[in-house]
1. Of everything in region A:33-65, what is assigned to a helix (DSSP H, G or I) and closer than 30 Å to A:Glu87 by Cβ? Give them in sequence order.
2. Could you figure out which of (1) closer than 13 Å to A:Tyr18 by Cβ; (2) of a type in the set (S, T, N, Q); (3) free of Cβ contacts under 8 Å to residues at least 12 places away in the same chain isn't true of A:Ser218?
3. Being without any contact (Cβ under 8 Å) to a residue 60 or more places away in the chain, among the polar types (S, T, N, Q), within 14 Å of another protein chain (Cβ to nearest Cβ) and crowded, with 20+ Cβ neighbours inside 10 Å narrows it down to one residue among B:Gln132, B:Gln109, B:Gln142; which is it?
4. Residues of region B:68-100 being small (Gly, Ala, Ser) and in contact (Cβ under 8 Å) with a residue 12 or more places away in the chain, which ones?
5. What do you reckon, is B:Thr91 surrounded by 15 or more Cβ atoms within 10 Å (Cβ to Cβ), at the interface with chain A (Cβ under 8 Å from one of its Cβ atoms) and more than 18 Å from the chain's Cα centre (by Cα)?
6. Quick check: anything in region A:112-129 acidic (Asp, Glu) and free of Cβ contacts under 8 Å to residues at least 24 places away in the same chain?
7. Which condition number does A:Glu41 fail, the rest of (1) modelled with pLDDT of 95 or more; (2) crowded, with 21+ Cβ neighbours inside 10 Å; (3) not hydroxyl-bearing (Ser, Thr, Tyr) being met?
8. Inspect region A:252-265 for any residue being under 19 Å from the mean Cα position of the chain (by Cα) and at pLDDT below 85 and give the result as yes or no.
Amino acid sequence: MELLFQQILAGISTGAIYACMALAVVMIYQAIDHLNFAQGEMAMFSTFIAWQLIEKGVPYWLAFLITVVVSFIGGVAIERIVFKPIEHAPVLSHVVIFIALYSVINSMAGFIWDFTVKSFPSPFGSSPLFGSTLISSHQGGMVAVTLGLLLLLYLFFSYTSVGLAMRAAAANPASARLVGIRVSWMTALGWGMAAAIGSIAGMLIAPVVFLEPNMMISILLYGFAGAVLGGLTSPGGAVLGGFAVGVIENLAGTYIPVIGAELKLPIALVVIVVVLVFKPAGLFGRVVVSRV
Amino acid sequence: MTKLLEVKGLTAGYGQVRVLHGLDFSLDEGGVTTLLGANGAGKTTTLRAICGMVKAGGEILFEGKNILGKSTEDVARLGVAHIPEGRGTFTRMTTEENLLLGAISRKDQKNVQKDIDKMYDHFPRLKQRRLQQAGTLSGGEQQMLAIARALMLRPRLMLLDEPSFGLAPLVVKEMFEILTALNKEENASMLIVEQNAALALGIADDAYLLETGSIVMSGPAKQIGADENVRRSYLGY
């Protein structure tokens, strides 16, 4: 029982990483109705910017703030420069560009900052939390930041007219234009917000996994798994899904003897497949009902 | 009376295919004009051209200014509320959110709640369905919602594309009564595209008859409706 409890706690602390990423994934999905495969790389690149600022002697929180703002602008710029010209192109063209962005950003980071592993500071320290060595104060802080972000997003989408306009633009662009919403700017705003949230995720994840250009590859996969599990239309579900994937991964690693470190990653894929088969909208996603 | 909308030599098409071959028509402030015609005559395309949803040529004067070539969202912001074919409901959102969206580009946001209450007075059924996902409303309710959403813009001009489409005769009758009342009480100007000519002629001041992208006849609605030949050859009743 003690072991089970400890493993769940450890699962929650890794889950916090996935939850953070899942939130960024859902954010972009809300804005553009696609999954952005380059999301992890964008977050990684942002984290490098923060690292560079901190190396130059900028205080942590100032670097944090600058990074979030720069990432927001970068996200908007990517939408304007790369995606605006192909807004009427079929989905596959978008997918190709996502993959291109993925490798471009990855190599650019490698080119600028090389591939050696760097350590990244945590604002929350790394002392044990609640006297347990399984969850550190950093991971506790991460859970808190993720939940805080979630609350902010919820308030933004539910109670502001920009949030409502963004949802409308994503769900039904043609009708959104007819009520006067500038759809293409809403999409750009969605990109900016997703990039900003991704940068926060990256900066929180980097102290745990260390900073290098490939740090996000498996994390993005877990983030997708969390988002799919919780439901791509539900930010709250995605966060919960992220935590759940962390816990599932840990428990499977502990209790199913065959699954060691090597087989941990496929668990994310298994989760995605199982959820898509049995509950395509995710556990908390809104099932879209429509009359035909 | 001043002209609210004046269309001159309007052409439009999709890719290489030209659908409209130079239309001229107009709409008075507070008036109701209807465009009649069979499937494929170009009725929907005409509305889409006014809203900048298709590439068009000619001149579209709205309150004296040419709006041809403006983006759809800019035309909406000028106060043109288009209720498209298929009603344009935001199906995943609630009834109330749909109404809020109708008013989203308005500058006077403080009056929006008052207008929503007014819509609930006009359409009590929508009030019962306030928090229901709009996609689950019945066809008639969705059409009511579409009209209410358009009114939330406090439009200078409403464009209605086949408001009777897919609705039961009784519901259609109710809807045209509502439209007539809106025109009388709120002085709402409307351009209505309809296949159901009898209904549309009943509410309209002026009517234009469209055939394969050209206007073949125009005049006061009463006169068009009374013309035996027109009725037999074009309107089919």
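The values are calculated or read from the model by the stated rules, or taken from the named source; none is laboratory data. Keep in mind it's a predicted model, so treat the numbers as computed, not measured. Every residue, glycine among them, receives a Cβ derived from its backbone with ideal geometry; neighbour counts consider all protein chains shown.
1. Filtering region A:33-65 for residues assigned to a helix (DSSP H, G or I) gives A:39-55, A:60-65.
Once the filter is applied, which keeps residues that are assigned to a helix (DSSP H, G or I) and closer than 30 Å to A:Glu87 by Cβ, region A:33-65 yields A:Gln39, A:Gly40, A:Glu41, A:Met42, A:Ala43, A:Met44, A:Phe45, A:Ser46, A:Thr47, A:Phe48, A:Ile49.
2. All conditions pass for A:Ser218, except number (3).
3. Working: B:Gln132 fails: crowded, with 20+ Cβ neighbours inside 10 Å; B:Gln109 fails: crowded, with 20+ Cβ neighbours inside 10 Å.
Unique residue meeting the criteria: B:Gln142.
4. Going through region B:68-100, the residues small (Gly, Ala, Ser) turn out to be B:69, B:71, B:76, B:79, B:81, B:86, B:88.
B:Gly69, B:Ser71, B:Ala76, B:Gly79, B:Ala81, B:Gly88, listed by residue number.
5. Yes.
6. Our first condition is that a residue be acidic (Asp, Glu); within region A:112-129, this holds for A:114.
Now narrow it down to the ones that are free of Cβ contacts under 8 Å to residues at least 24 places away in the same chain: A:114.
So far as region A:112-129 goes, yes, one or more of its residues are acidic (Asp, Glu) and free of Cβ contacts under 8 Å to residues at least 24 places away in the same chain.
7. (1)
8. Of the residues in region A:252-265, the ones under 19 Å from the mean Cα position of the chain (by Cα) are A:265.
Those still in the list that are at pLDDT below 85 too: A:265.
Checked region A:252-265: at least one residue is under 19 Å from the mean Cα position of the chain (by Cα) and at pLDDT below 85.
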